[in-house]
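S.K.: Below is the structure I would like to discuss, written out as structure tokens.
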Amino acid sequence: MTLTIAEIKPLSDRILDNLEKVIVGKRPVLELTLACLLARGHLLIEDVPGVGKTMLARSLAQSLGCGFNRIQFTPDLLPGDLTGTSIFNQATRSFEFIPGPLISQVVLADEVNRATPKTQSALLEAMEEHQVTVDGAAHILPEPFMVIGTQNPIEYEGTFPLPEAQLDRFLLRLSLGYPGRQDEIAIMDRQQFRHPIETLEQAVSQAELLAMQETARSVFVSPAVKEYIVDIIGATRKNENIDLGASPRGSLGLYHAGQALAAVRGREFVLPDDIKALAEPVLAHRLVVNPAARLNNLTAAHLVRILLQTVPLPDYGLVHP
């Protein structure tokens, strides 16, 4: 199945409208979530309990007709609990692979930083290689495949902070935040008798989704926008408050996420505004802020916003195909 870029917009709107039946008043976050999916990336949601992180993952899977598994990460979780295991079948006198919950299409890794580094490494292989290895045999994961990890930004007791290598595998880090006054009233009204997710219908087929992912990669990125991306990445490496700047994976993240966001917004080319909107979600979790800056309450997100003010914007007349 093939699609044109113009055909992605109505399909994207259909998915977003469907998600808004469950996640109220968060259209910009939902738009970035969909862009992450179309860019074939993984999403890290860092927020307090109860704001809808699990509901976002479930409603996304239902909207796409994809398989969904939720894995509660705990310190006693083992790699085999994620990937599956081989069991000897007495009848056939051979080992059979029993797939674990990680072998699905949309996987919610709830409180991902509560698992040990050994278990996190099994998740890392799946995110990067789109496969899991059990007893020396590789098992390919289905398409589409997306990991949505969650973290609680307040409670750190009993956690194992994600290493930079694994944080780097998440394309975007987002926060849902609390709903507005009227949105919270709407949430209560919608859940008076039952949760909207119980009646949520599929918005697009998996074939349409895979075609959307493929077509998004054909969105035009001008040399001027590519230079803008590289200038932003370079600024993170030169800033005196940042010990570790973004790697080339950060450049690729901005590039592909920019293509996907432009496609979601119905454009055949990437604007500098797309890159500006994505800079903080794509880059902030990849940066290591030095101790002196942290003492001054400078976060990576704050530093990215400062850098965007210093990097010159390209000429808008050079961004069209």
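S.K.: Within the stretch 265-303, track down each residue that is under 14 Å from Tyr228 (Cα atoms), assigned to a helix (DSSP H, G or I) and among the β-branched types (Val, Ile, Thr).
M.R.: Within the stretch 265-303, Ile275 is the sole residue that qualifies.
S.K.: Shifting gears a bit: Leu37 fails exactly one of the following numbered conditions: (1) at pLDDT below 95; (2) buried (at least 24 other Cβ atoms within 10 Å of the Cβ); (3) in a helix (DSSP H, G or I). What is the number of that condition?
M.R.: Result: Leu37 fails condition (1) only.
S.K.: Still on this model: Taking the criterion of being among the small types (Gly, Ala, Ser), touching a Leu at 6+ places or on another chain (Cβ under 7 Å) and surrounded by 12 or more Cβ atoms within 10 Å (Cβ to Cβ), would at least one residue in the stretch 104-121 satisfy it?
M.R.: Checked against the condition, which is being among the small types (Gly, Ala, Ser), touching a Leu at 6+ places or on another chain (Cβ under 7 Å) and surrounded by 12 or more Cβ atoms within 10 Å (Cβ to Cβ), the stretch 104-121 yields at least one hit.
S.K.: Given the structure, is Ile233 assigned by TED's automatic domain parsing to the domain that holds Asn290, among the β-branched types (Val, Ile, Thr) and at pLDDT below 95?
M.R.: Answer is no for this residue.
S.K.: At least 3 residues that are closer than 19 Å to Val29 by Cα and of a type outside the set (Lys, Arg) in each: list the helices (runs of 4 or more DSSP H) lying fully within the stretch 42-161 that qualify.
M.R.: The qualifying helices (runs of 4 or more DSSP H) are 53-64.
S.K.: A further question follows. Tell me which of these Gln309 doesn't satisfy, since it passes every other one: (1) surrounded by fewer than 14 Cβ atoms within 10 Å (Cβ to Cβ); (2) part of a helix (DSSP H, G or I); (3) in contact (Cβ under 8 Å) with a residue 40 or more places away in the chain.
M.R.: (3)
S.K.: Here's another thing I want to ask about it. State all residues of the stretch 206-228 that are exposed (fewer than 15 other Cβ atoms within 10 Å of the Cβ) and under 16 Å from Gly317 (Cβ atoms); if no residue qualifies, say none.
M.R.: Pro223, Glu227, listed by residue number.
The values are calculated or read from the model by the stated rules, or taken from the named source; none is laboratory data. Source: prediction; values computed, not measured. No Cβ is skipped: glycine too gets one built from the backbone with ideal geometry, and neighbour counts run over all protein chains shown.
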